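J.: Below is a structure I'd like to ask you about.
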Amino acid sequence: MPTISQWRLRAAFAERLSRMYGREVPAYTTLVDVSREVNEDVLRARGADAERLGSIGRVTAERHGAIRVGTPGELAQVARIFGALGMHPVGFYDLREAAASAVPVVSTAFRPVDEEELARNPFRVFTSLLTPADPRFFDADLRSRLETFLAGRELFPPELPLLADRAAAEGGLPADEAERFLRLAVRAFELSAEPVDRAWYRTLERVSAVAADIGGVRSTHINHLTPRVLDIDELYRRMTDRGIEMIDTVQGPPAWQGPDVLLRQTSFRALAEPRAMRTEDGSVVDGALRVRFGEVEARGIALTRTGRARYDDLLDRVDEQAAQHPGAARDDLARALWERHMPGSEQELAAQGLAYFTYRAADGRPRDGAAPPSGVAELVRQGWLVAEPVVYEDFLPRSAAGIFQSNLSGEGTRDNGRQGTRYDADWLSGAVGREVLDPFALYERQQNRSLAHVARSLGLTDPPR
Ligand code: OOG
Ligand code: NI
């Protein structure tokens, strides 16, 4: 029987999840349609340049999902399921600090890490873990009730992680098992029809709507699924024209003339969804919860640590200026700062070591016996090497917090007088049961590999720097 490889499982899972989510949240289908229209228009207008950060095939199929779980044990199961799809935990995000309202979670993103795997299908899932041990949100009594509740639920049928382990060990699954695995995996992220315990849900909701969404029910679900668009400002206008109320900003870098870097995202709140509720007297009544939303994103070039520090610093400056000039549009303030402090071309980003690129030898080299100059910048300038930007494959904590926050019903509560529990990437690695990878190290490795390869084809003893 033919084996379905891990990347085909990943692509099939992303596609089936998309179909399921489109049935559950019709506005998502509108978003996907409008994204496709915008991408086709951009491709027509800009030609090959539109594909500089990924082929149109990759971009059209590209999605990220978001899920939320309650315990390290649940997270470890998620890691096994995504591991089967060739997705690994990358990056540590602490949204407890990044958000103004109560978002008691720490997160990572499961995604492919190798270039070829990303090119085949870059599906990624932003995955958040509830933090019941953080006393700023949960007092001792609520923590213990919450942990007991979470310990008593089962998000995934035991067969699912077992099939996942087999896929990971064997590099795929035979067709029958692949079908079974995909079916179980998609079902695990559907919205459950089981009645929600209304009193318990409300108890958690008073602390945090996110806590209620995670710990107030006995199942998990996909929270949103995000298509990628080549012009997010145009998409924003078209969605607004269709009468879909978007949040009032695009998170991340401003729209400007220079290169797209990192990630720009925006979202809209999904409609309230009908959910059966169990009341205190045990009867089941019709209710509605409004927790899911639609999101869309545009991806740019991955920044180095130095580039990222520049970005974070600029965001702080935008905040300062916005506080000083309450009347001014944030986007205008940001654009003015960007124009002063961000390089306006890919070449400058590379020269200043602010962004990652891969390099390849230009066609037609070596040039009639001439020795190549030293240094990457000079090699590119003299036409020996061609630089290609590396796409940012990850997330941004402030944007993530902003997206979470703008879609919450209430602020919730956070007692800032208390000391928060400390979590970091090492702690999360322990919880996930595998190493949470450092995104910068992955981009750097990609860049270095290309330089090592270039050195060989140019006959240099050392990779150029
Ligand atoms: C995750 C929010 C973060 C993003 O794209 O930054 C996120 C969530 O709502 O669970 O998805
Ligand atoms: Ni998202």
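Values in this text are rule-based calculations from the coordinates and carry no lab data. What you are looking at is a predicted structure, and each value in this text was computed from that prediction instead of being measured. Using ideal geometry, Cβ is built from the backbone for each residue, glycine included, and neighbour counts are taken over all protein chains shown.
J.: Can you give me the distance in nm between label points at Val285 and Glu51, each placed 7 Å from the Cα along the Cα-to-Cβ direction?
T.: Each label point lies 7 Å from its Cα, and together they span 5.7 nm.
J.: Could you calculate the contour length gain from Arg317 to Trp256, that is, 0.36 nm times the residue separation minus the distance between their Cα atoms, to one decimal place in nm?
T.: That pair, Arg317 and Trp256, stretches by 20.3 nm at full extension.
J.: Would region 109-242 count as rounded, prolate or oblate if I go by the C-alpha gyration tensor, calling it rounded below 1.5 in a/c and otherwise prolate when a/b exceeds b/c, oblate otherwise?
T.: Oblate shape, in that a/c is at least 1.5 and b/c is the bigger or equal ratio.
J.: So what are the ³J(HN,Hα) numbers for region 165-176, from phi and the Karplus equation (6.51, -1.76, 1.60; θ = phi - 60°), rounded to whole Hz, Gly and Pro as x?
T.: Per residue, the Karplus-derived 3J(HN,Hα) values read 4, 5, 4, 5, 6, 9, x, x, 9, x, 3, 4 Hz.
J.: A follow-up question, please. For region 231-357, calculate the relative contact order in percent as a whole number, restricting contacts to Cα pairs under 8 Å that are 6 or more residues apart.
T.: 25
J.: Which is farthest toward the positive dipole end of region 299-405 among Gly369, Gly353, Ser399, measuring Cα position about the Cα centre, with Cβ charges +1 (Lys, Arg) and -1 (Asp, Glu)?
T.: Projecting each Cα onto the dipole axis, the largest value belongs to Gly369.
J.: Pop out the ³J(HN,Hα) list for region 75-81 in order, Karplus 6.51 cos²θ - 1.76 cosθ + 1.60 with θ = phi - 60°, rounded to Hz; leave Gly and Pro as x.
T.: Working through the residues one at a time gives 5, 5, 5, 4, 4, 5, 4 Hz.
J.: A follow-up question, please. Using the C-alpha atoms of the chain, what convex hull volume per residue, in cubic angstrom, is computed?
T.: Hull volume normalised by residue count: 169 Å³.
J.: Quick one: length gained pulling Ala276 to Glu245 fully straight, 0.36 nm per residue minus the C-alpha distance?
T.: Contour length minus the Cα-Cα distance gives 8.5 nm.
J.: Right, next: In the neighborhood of Gly54, defined by Cβ-to-Cβ distances under 9 Å, what is the net charge if each Lys or Arg adds +1 and each Asp or Glu adds -1?
T.: It works out to a net charge of +2.
J.: Given the -39500 (n - 2.57) contribution per DSSP H run of 4+ residues, what per-residue ellipticity at 222 nm results for the chain, rounded to the nearest 500 deg cm²/dmol?
T.: -14000 deg cm²/dmol
J.: Next question, about the same structure. Which three semi-axes in whole Å describe the equivalent ellipsoid of region 347-465, each the square root of 5 times a Cα gyration tensor eigenvalue, listed largest first?
T.: 44, 17, 11
J.: Can you classify region 284-395 as rounded, prolate or oblate using the Cα gyration tensor, where a ≥ b ≥ c are the square roots of its eigenvalues, rounded means a/c under 1.5, and otherwise it's prolate if a/b beats b/c and oblate if not?
T.: Oblate, since a/c reaches 1.5 and b/c is not below a/b.
J.: Right, here's the next one. Against the longest principal axis of the chain, how steep is helix 397-406, in degrees 0 to 90 to the nearest 10, with axes from Cα atoms?
T.: Result, in degrees: 40.
J.: Under 8 Å for C-alpha pairs, at least 6 residues apart: give me the relative contact order for the chain, rounded to a whole percent.
T.: RCO, the chain: 21 percent.
J.: Angle check, please: helix 6-24 long axis (alpha carbons) against the longest principal axis of the chain (alpha carbons), in degrees 0 to 90, nearest 10.
T.: 50
J.: Sticking with this one: Would you work out if region 1-49 is rounded, prolate or oblate? Take a ≥ b ≥ c from the square roots of the eigenvalues of the alpha-carbon gyration tensor; rounded if a/c is under 1.5, else prolate when a/b is larger than b/c, oblate otherwise.
T.: oblate
J.: Cα extents of region 1-144 along the three principal axes, largest first, in whole Å?
T.: Principal axes ranked by extent give 58, 44, 30 Å for the Cα atoms.
J.: With axes computed from alpha carbons, what is the tilt in degrees of helix 26-46 against the longest principal axis of the chain, rounded to the nearest 10 within 0 to 90?
T.: Here the helix axis deviates by roughly 10 degrees.
J.: Of the peptides 96-107, 225-236, 379-390, 146-157, how do they stack up when ordered by the mean number of other Cβ atoms within 10 Å, highest first?
T.: 225-236, 96-107, 379-390, 146-157
J.: Quick check: net charge around Asp41, other residues with Cβ under 11 Å of its Cβ, Lys/Arg +1 and Asp/Glu -1?
T.: It works out to a net charge of 0.
J.: Let me ask something else. What percentages, rounded to whole numbers, describe P(r) for region 99-161 computed over all alpha carbon pairs with 10 Å bin width beginning at zero?
T.: Going from the shortest bin to the longest, the percentages are 17, 31, 30, 18, 5.
J.: With the calculation restricted to Cα positions, what are the radius of gyration and Dmax of region 175-220 in angstrom?
T.: Rg, Dmax (Cα atoms, Å): 14.5, 46.
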